[in-house]
1. Tell me, which residue of region 176-186 that is open to solvent by 40 Å² or more (accessible area, probe 1.4 Å) and assigned to a strand (DSSP E or B) is farthest from N250 (Cα to Cα)?
2. Can you name the number of the only condition in (1) within 26 Å of D119 (Cβ to Cβ); (2) surrounded by fewer than 17 Cβ atoms within 10 Å (Cβ to Cβ); (3) at pLDDT 95 or above; (4) not acidic (D, E) that S218 fails?
3. Restricting to strands (runs of 3 or more DSSP E) lying wholly in region 201-290: which have 2 or more residues that are of a type in the set (S, T, Y)?
4. Any idea which of Q197, Q173 is surrounded by fewer than 20 Cβ atoms within 10 Å (Cβ to Cβ), closer than 22 Å to L140 by Cβ and touching a strand residue (DSSP E or B) at 6+ places or on another chain (Cβ under 6 Å)?
5. Please find, among D158, D153, D130, D119, the residue that is of a type in the set (D, E), crowded, with 20+ Cβ neighbours inside 10 Å and either within 19 Å of the chain's Cα centre (by Cα) or on the phi < 0 side of the Ramachandran plot (or both).
6. Please work out which residue is least open to solvent (accessible area, probe 1.4 Å), limiting yourself to region 71-93 and to residues that are small (G, A, S), closer than 21 Å to Y235 by Cα and within 20 Å of the chain's Cα centre (by Cα).
7. Name the pairs: first residue in region 69-80 and over 18 Å from G92 (Cα atoms) and among the β-branched types (V, I, T), second residue at pLDDT below 90 and in a strand (DSSP E or B), Cβ to Cβ under 6 Å, at least 6 apart or on different chains?
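The values are calculated or read from the model by the stated rules, or taken from the named source; none is laboratory data. This one's a predicted model, so the numbers in the text were calculated from it and none came from an experiment. Cβ sites come from the backbone with ideal geometry, for glycine too, and all protein chains shown count toward neighbours. Each accessible area value is taken on the protein alone, full model and side chains, heavy atoms only, with ligands, DNA and RNA left out. Shrake-Rupley method; radii C 1.70, N 1.55, O 1.52, S 1.80 Å.
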Amino acid sequence: MRKLLLIFLYCLMGSGSSLAGPTHSLSIRDSTAQRIKEYGADMGFNFSISNTSPNWTGGANNNININGFIRAKYNLTRAKTSWDNSLNVNLGSIASRRLDNFGNRYWSNKKSLDNLFIDSKFGHSFKQYDLLTSYGGFNLQTQLLPGYTYSQDLLGRDVSKLTSSFMSVGQVQMAVGLELKPIPNYFLRLGYFTLKQSYVLNQNLYALRNTEMIARVSKGEYIDNQLGVQLQMGYEFAFGPEQIYKVKTNYLGFAPYVSPAPTLDSRIDLGVGAQLSKHIQLNYTLISIYDQDLFPVGQSAWMNSWVLGIGYIHQW
């Protein structure tokens, strides 16, 4: 069962949330073939519930919060060649018990976190410089479930309006460039030739948003292409007694060659975790994205989503 689950995760990566610390991994060295395999997967969830009496004078809602994540990696190194893959999935939901305008209770269910990130990189190091690698990379980021904005009807209950869905908006970047690994668990990539593709597969969104363009993608076109430079860097480390404290951070930036104004699309992932026991972990996850193409001119283009929780985690 364990092997089948790992195979499924690796296939899902295309060969890829929570980022609450480095992924648990297992290394296998084959001295004959000069090959090193490193793979692992974590799955976990955070759960919390709060409740107040109806006459609580401070005012509050009864809430149920559930956040789940999957993260996996598969790295293969042989002589001067490497193949690195990672997958991060984050999903969260919050259910609130509320009162409508007539004093009737109802449940309001909303998505609190939804992100899929896949990264795959094939590299070949130079004979004279072991720390420097030429690489070809691919990464994908999107959401998995439909997204909504909310207003209230005449009864005082939530009314949802669809604003996004899977690969709407989605983004793919394919890059060719150089990678530097000066110290363990740190990398710096510069993609001199990068193709950024923005997708809007759900064409119903144009009518729902009353617009002819979403994220540079015109109605009926489904996809927009941009050429530019990619900057990516990441670092992970563990410290403390038995290395129970773990930190992982990743930055992904893209600057187009041709743009009306200088811009640098950015994505920052930060994960901090404390392993309290074999299956209990305190974790903090932050995903911060800047992309002016997603917002009208004049609006802030920074989007932030974070989760702080304690929950169950299982490692393979």
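1. V176
2. (1) is the only condition that S218 fails.
3. By residue number, 245-256, 280-290.
4. Of Q197, Q173, the one residue that is surrounded by fewer than 20 Cβ atoms within 10 Å (Cβ to Cβ), closer than 22 Å to L140 by Cβ and touching a strand residue (DSSP E or B) at 6+ places or on another chain (Cβ under 6 Å) is Q197.
5. Result: D119 is the single residue among D158, D153, D130, D119 that is of a type in the set (D, E), crowded, with 20+ Cβ neighbours inside 10 Å and either within 19 Å of the chain's Cα centre (by Cα) or on the phi < 0 side of the Ramachandran plot (or both).
6. Looking at residues that are small (G, A, S), closer than 21 Å to Y235 by Cα and within 20 Å of the chain's Cα centre (by Cα), I get A72.
7. As it stands, the answer is T77/I36, since those pairs meet every condition given.
Let's see how each residue does on (1) closer than 24 Å to G40 by Cβ; (2) touching an Asp or Glu at 6+ places or on another chain (Cβ under 8 Å); (3) open to solvent by 80 Å² or more (accessible area, probe 1.4 Å):
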site	(1), (2), (3)
S277	yes, no, no
I280	yes, no, no
I287	yes, yes, no
Y290	no, yes, no
P296	no, no, no
Q299	no, no, yes
N304	no, no, yes
